[in-house]
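Contents: one structure, followed by commentary.
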Amino acid sequence: GVWGLTRDDVWAVGGSTATNTGVLWHYNGTVWSDVPLPNNLGASVILYKVWGRARNDVWAVGGNGTTLHFDGTAWSQVAIPTTARGPLFTVHGSGAARYAVGGNASGILLEADGAGWRQADLLDAPRLAGVFAPTGGAPLAVGNEGSVYTRRSGAWRLASRPPQTDLDFH
């Protein structure tokens, strides 16, 4: 995953599936630097995506529900509901709202609005791999088996006219 606010403030995350280790890198416009993960998480967790709103509000997600926040000075691990301990593949947001999705056999969808993260209720959702929150519109989450969810009236629901495919969306 990669996200940047400007060409001299770019973050990249990743890791090795063979060793289940993660990396976080920062580009300052001239050089890339390896940034240590809090709590030595790089030794045991792959990071999948990074996204932010500002230099002091950057988020990264990864294996085992790992959720990290950069406040402009340092990265810290953020608590999430204990039922959301599968991998988190994508994080995105709009305004004060933030969303993270993932899962193994079942989908996980987390949301936050400035307070703590909470898990959204999704009945029989397959693994989710992508989320997008447009400015001024309803967020969307996508995943396995052509699933598309949208948030309307405070709840997540399957899209009324999903694509006709069994393929996975990312």
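Charges only on Cβ, +1 for Lys and Arg, -1 for Asp and Glu: so what's the dipole of the chain about the Cα centre, in debye to the nearest 20?
Charge dipole of the chain: 260 debye, to the nearest 20.
Which order do you get for D9, D113 if you rank them by accessible area with a 1.4 Å probe, largest at the top?
I get D113, D9, largest accessible area first.
Please give the charge dipole size of segment 26-120, origin at the Cα centre, charges +1 on K and R Cβ atoms and -1 on D and E Cβ atoms. Round to the nearest 20 debye.
It works out to roughly 120 debye.
In debye, nearest 20: dipole of segment 114-170 around its Cα centre with unit charges on the Cβ of K, R (+) and D, E (-)?
Rounded to the nearest 20 debye, it is 280 debye.
Considering only W59, P38, F70, whose Cα is most displaced toward the positive end of the charge dipole of segment 1-74, charges sitting on Cβ of Lys, Arg (+1) and Asp, Glu (-1)?
Of the listed residues, the answer is W59.
From the C-alpha coordinates alone, can you work out the Kirkwood hydrodynamic radius of segment 96-170, in Å?
Hydrodynamic radius (Kirkwood, Cα pairs) of segment 96-170 is 12.4 Å.
Using the Cα atoms as the points, what is the convex hull volume per residue of segment 33-104 in Å³?
Here the figure is 91 Å³ per residue.
Please sort 27-36, 126-135, 13-22 by packing, taking for each peptide the average over its residues of neighbouring beta carbons within 10 angstrom, highest first.
Averaged packing, sorted descending, gives the order 126-135, 13-22, 27-36.
Scan [x] 26, 18, 15; [y] 28, 23, 12; [z] 32, 17, 14 for the value of semi-axes √(5λ) of the Cα gyration tensor in Å calculated from this model and give just the label.
Among [x] 26, 18, 15; [y] 28, 23, 12; [z] 32, 17, 14, the one calculated here is [x].
At D8 and A74, where each label point lies 7 Å from the Cα along Cα→Cβ, what is the point-to-point distance in nanometres?
In this crude spin-label approximation the distance works out to 2.6 nm.
Please compute the length gained on full extension between F132 and W32, using 0.36 nm multiplied by the number of residues separating them and subtracting their Cα-Cα distance.
Result: 33.3 nm gained on full extension.
The values are calculated or read from the model by the stated rules, or taken from the named source; none is laboratory data. Bear in mind that the values here come from a model prediction, so they are computed numbers and not experimental data. All Cβ positions, glycine included, derive from the backbone under ideal geometry; neighbour counts span all protein chains shown. Just the protein is used for accessible areas: all its heavy atoms, side chains included, with ligands, DNA and RNA removed. Shrake-Rupley method; radii C 1.70, N 1.55, O 1.52, S 1.80 Å.
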